[in-house]
1. Restricting attention to segment 210-234, which residues are assigned to a helix (DSSP H, G or I) and among the acidic types (Asp, Glu)?
2. Filter segment 49-87 down to the residues that are of a type in the set (D, E, K, R) and closer than 14 Å to Asp154 by Cβ, then identify the one that is farthest from the chain's Cα centre (by Cα).
3. In segment 57-75, which residues are out of contact with any His (no Cβ under 7 Å at 6 or more places or on another chain), crowded, with 17+ Cβ neighbours inside 10 Å and in contact (Cβ under 8 Å) with a residue 24 or more places away in the chain?
4. Give the residues of segment 41-75 that are hydroxyl-bearing (Ser, Thr, Tyr) and part of a loop (DSSP other than H, G, I, E, B), sorted by residue number.
5. Specify the residue that is farthest from the ligand (Cβ to nearest atom); the eligible residues are those in segment 9-41 that are over 24 Å from Glu179 (Cα atoms) and free of Cβ contacts under 8 Å to residues at least 40 places away in the same chain.
6. Six or more apart or on different chains, Cβ atoms under 9 Å: show the pairs whose first residue is in segment 201-226 and closer than 27 Å to Arg8 by Cβ and within 16 Å of the ligand (Cβ to nearest atom) and whose second is in a strand (DSSP E or B) and of a type in the set (S, T, N, Q).
7. Got a sec? Which helices (runs of 4 or more DSSP H) wholly within segment 101-209 have at least 1 residues that are in contact with a strand residue (DSSP E or B) (Cβ under 7 Å, 6 or more places away or on another chain) and buried (at least 18 other Cβ atoms within 10 Å of the Cβ)?
Amino acid sequence: MLELEGVRAGYDEIEVLHGVDMHVDEGEIVALIGSNGAGKTTTMRTICGILSPSHGRITYRGEEIHTEPSHEIVERGIVQVPENRDLFTNMTVIDNLLLGAQTDEAIANREENLAEMLDLFPRLEERKKQRAGTMSGGEQQMLTLARALMGEPDLLILDEPSIGLAPHLVQEVFDVVEEIHEQGVTVLMVEQNVQQTLQVADRGYVMENGRISMTASGSDLLEDESVVEAYLGV
Ligand code: ATP
């Protein structure tokens, strides 16, 4: 579905990704883990067209996308949930959700999708008329995720969806990820919460210094000594 081949990218003169190869197959949950500054967010931004690779290529369903602007990549069905929440703080929960529908198809289905999101996230239903900026950090995180889903993604890209959340909300985020995956959405996620992520992931990639250093099934990575030592705090 998505393939990165030899992708190099970075900021101005500084190269952060030094040739990244990875792929995501339809129907998978794929995790990208790695230490701080390894280049995970940079990888996500490059896939979504916010950064352009200086070398290599990115294909989606067999077509090159790395030369496309981000709105065209969204049109193709790739929707990113950014690490910073990026909400319209003065607008209500509902209005923020409605703005998540960007493609013609998502706009046509937005009332139906809105009802589905309020069902999936009861906390947003309770607070649907509240201004987004007055919600708690965890609630804003949920809203960011729900807004992305309003875009009807085929491939959902999540960057640290559980960052800063209380433990019971972390679980809620993982439950939602599994639920939308069951509904047929393919997921690529970056997460600090390595244990829980590898438990839900079909496959994972470990990134070190702008390169993929290891890839295996989620369960194999959970048992790998170097992964346990570096990322599971044992
Ligand atoms: P973390 O787990 O800490 O979020 P990460 O693996 O997502 O880390 P990136 O955010 O991709 O890492 O950052 C990789 C490198 O790129 C870091 O050295 C960072 O300082 C640098 N970097 C990130 N954003 C920018 C930017 N806008 N301009 C210049 N350098 C940047």
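1. Those that are assigned to a helix (DSSP H, G or I) and among the acidic types (Asp, Glu): Asp220, Glu223, Glu225, Glu229.
2. Let us first name the residues in segment 49-87 that are of a type in the set (D, E, K, R), namely 57, 61, 63-64, 68, 72, 75-76, 83, 85-86.
Imposing the further condition that a residue be closer than 14 Å to Asp154 by Cβ reduces the set to 61, 63, 75-76.
Working: Arg61: 18, Glu63: 21, Glu75: 16, Arg76: 16 Å.
Among them, the one singled out is Glu63.
3. Tyr60, His66, Ile73, Val74
4. Listed by number, the residues that qualify are Ser52, Ser54, Thr67.
5. Checked segment 9-41; the qualifying residue farthest from the ligand (Cβ to nearest atom) is Glu13.
6. Qualifying pairs under 9 Å: Gly204/Thr215; Gly204/Ser217; Tyr205/Ser213; Tyr205/Thr215; Val206/Ser213; Val206/Thr215; Met207/Ser213.
7. 137-149, 167-182, 194-200
Residue-wise test of (1) out of contact with any helix residue (DSSP H, G or I) (no Cβ under 9 Å at 6 or more places or on another chain); (2) in contact (Cβ under 8 Å) with a residue 60 or more places away in the chain; (3) within 16 Å of the ligand (Cβ to nearest atom).
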{"residue": "His55", "(1), (2), (3)": "yes, no, no"}
{"residue": "Ile78", "(1), (2), (3)": "no, yes, no"}
{"residue": "Val81", "(1), (2), (3)": "no, yes, yes"}
{"residue": "Leu87", "(1), (2), (3)": "no, yes, no"}
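Every read-out reported here was derived from the displayed coordinates using simple, explicitly stated rules and does not represent laboratory data. All values reported here derive from a predicted model rather than from experimental measurement. Cβ sites come from the backbone with ideal geometry, for glycine too, and all protein chains shown count toward neighbours.
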